[in-house]
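Step one of this worksheet: look at the structure below.
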Amino acid sequence: MAPQQCPVCGRFLKNDLVQSLAGSDQPCPRCEATLTAAMFGAGAAVGGGGGASVRPPDLAPEEVRDDGDVLAGWDVGADAAEIASWNHDRAPFPTDTVVVVAGAVLGGVLGATVTPARLKGAAIGAGLGAMLGAAVRQVWRLTE
């Protein structure tokens with residue numbers, strides 16, 4: 001059964017609503033006009049429940065159609081050069097790596113200058129400096 005329309009506003013009505021008009025009058029879901037079985041003839045009482053109908057949208061086609069430009073109104077006042085400058089795919093500055101490497105270098109230099117065994121002191125100092133740098137960076141991240 002094809003979907004019926006409200007004679008006042010043109011809204012497409014569900015088949016179940018039109019069929020229920022045989023028992024009592026119902027208001028239109030859109031305009032609240034009283035719908036009766038006489039408005040739809042014999043189609044209101046006939047037809048089996050369970051037949052699925054496709055219900056078109058309530059809007060008129062003129063209200064839905066546009067000029068076809070999906071980006072109309074966006075980026076008003078921005079020229080093409082400015083928009084192009086927004087689209088740069090660059091990796092962020094590697095702050096974590098810089099902090100850990102700086103800690104390792106400072107620890108290595110400090111370990112080499114403080115201990116009598118320079119190579120062993122530099123290795124231990126670099127390891128401790130890197131760990132300290134990583135810990136400082138974690139605390140730094142938590143406070144951001």
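Here is the figure for region 127-144: residues that are under 12 Å from Gly103 (Cβ atoms) and of a type in the set (Asp, Glu) total 0.
Of the residues making up region 76-104, those that are modelled with pLDDT of 75 or more and within 23 Å of the chain's Cα centre (by Cα) number 0.
Kindly provide the set of residues from region 31-50 that are on the phi < 0 side of the Ramachandran plot and either outside any loop (DSSP other than H, G, I, E, B) or at pLDDT 85 or above (or both), ordered by number.
Here is the first cut: in region 31-50, the residues on the phi < 0 side of the Ramachandran plot are 31, 33-40, 42-46, 48-49.
If the condition is that a residue be on the phi < 0 side of the Ramachandran plot and either outside any loop (DSSP other than H, G, I, E, B) or at pLDDT 85 or above (or both), then Cys31, Ala33, Thr34, Leu35, Thr36, Ala37, Ala38, Met39, Phe40, Ala42, Gly43, Ala44 are the ones that fit.
I'd like the residue in region 55-75 that is within 16 Å of Cys6 (Cα to Cα) and open to solvent by 70 Å² or more (accessible area, probe 1.4 Å) and, out of all such residues, is modelled with the highest pLDDT.
Within region 55-75, the first condition is being within 16 Å of Cys6 (Cα to Cα), and the residues that meet it are 55-60.
Imposing the further condition that a residue be open to solvent by 70 Å² or more (accessible area, probe 1.4 Å) reduces the set to 55, 57, 59.
Details: Arg55: 59, Pro57: 62, Leu59: 72.
Among those that are within 16 Å of Cys6 (Cα to Cα) and open to solvent by 70 Å² or more (accessible area, probe 1.4 Å), it is Leu59.
Scanning region 105-116 for residues that are in a helix (DSSP H, G or I) and open to solvent by 30 Å² or more (accessible area, probe 1.4 Å) gives Val105, Leu106, Val109, Leu110, Thr113, Val114. Please name all residue pairs, on different chains or six or more residues apart, with Cβ atoms under 8 Å, provided the first residue is in region 131-144 and is open to solvent by 100 Å² or more (accessible area, probe 1.4 Å) and the second residue is hydrophobic (A, V, I, L, M, F, W, C). Note: pairs meeting the criteria are Trp140/Val99. Within region 11-30, the set of residues being assigned to a loop (DSSP other than H, G, I, E, B) and open to solvent by 50 Å² or more (accessible area, probe 1.4 Å) comprises Lys14, Ala22, Gly23, Ser24, Asp25, Pro29, Arg30.
The values are calculated or read from the model by the stated rules, or taken from the named source; none is laboratory data. For clarity, every value in this text was computed on a predicted model and none was experimentally measured. Methodologically, a virtual Cβ is constructed for each residue, glycine included, from the backbone with ideal geometry; neighbour enumeration extends over all protein chains shown. Heavy atoms of the whole protein, side chains included, go into the accessibility calculation; ligands, DNA and RNA do not. Shrake-Rupley method; radii C 1.70, N 1.55, O 1.52, S 1.80 Å.
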